[in-house]
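Novice: Quick one: the structure is below, and I'll ask about it shortly.
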Ligand SMILES: [Zn+2]
């Protein structure tokens, strides 16, 4: 798996929407690639903070937030190991 593939699947990975095989590939990549490991950590932290920020809404908009974050993270500047 390349960094680009990892990044493109990150949203699904964090949401638990990936098939077991793809998930395993992501874990392997993140274990071997410090850049993507750091990226994953920061992505998870961002999702956590964003969800917490909106948890008081009557209808939590986790889906749109996840989409916004996903868009932000699809344009990484630091993940160059393709
Ligand atoms: Zn990588």
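The values are calculated or read from the model by the stated rules, or taken from the named source; none is laboratory data. Worth saying up front: this structure is predicted, and the values here are computed from it rather than measured. Cβ placement follows ideal geometry from the backbone for every residue including glycine, while neighbour counts extend to all protein chains displayed.
Novice: Being away from the ligand (no atom under 13 Å from the Cβ) and either more than 9 Å from the chain's Cα centre (by Cα) or at pLDDT below 90 (or both) is the requirement here; does residue 62 meet it?
Specialist: Taking the combined requirement at face value, the residue satisfies it.
Novice: Another one. Select from the range 27-41 the residues that are in a helix (DSSP H, G or I) and more than 15 Å from residue 70 (Cβ to Cβ) and list them in ascending order.
Specialist: 27, 28, 29, 30, 31, 32, 34, 35, 36, 37, 38, 41
Novice: Consider the range 9-26. How many of its residues are surrounded by 15 or more Cβ atoms within 10 Å (Cβ to Cβ), in a helix (DSSP H, G or I) and either within 12 Å of the ligand (Cβ to nearest atom) or at pLDDT below 90 (or both)?
Specialist: The qualifying residues number 8.
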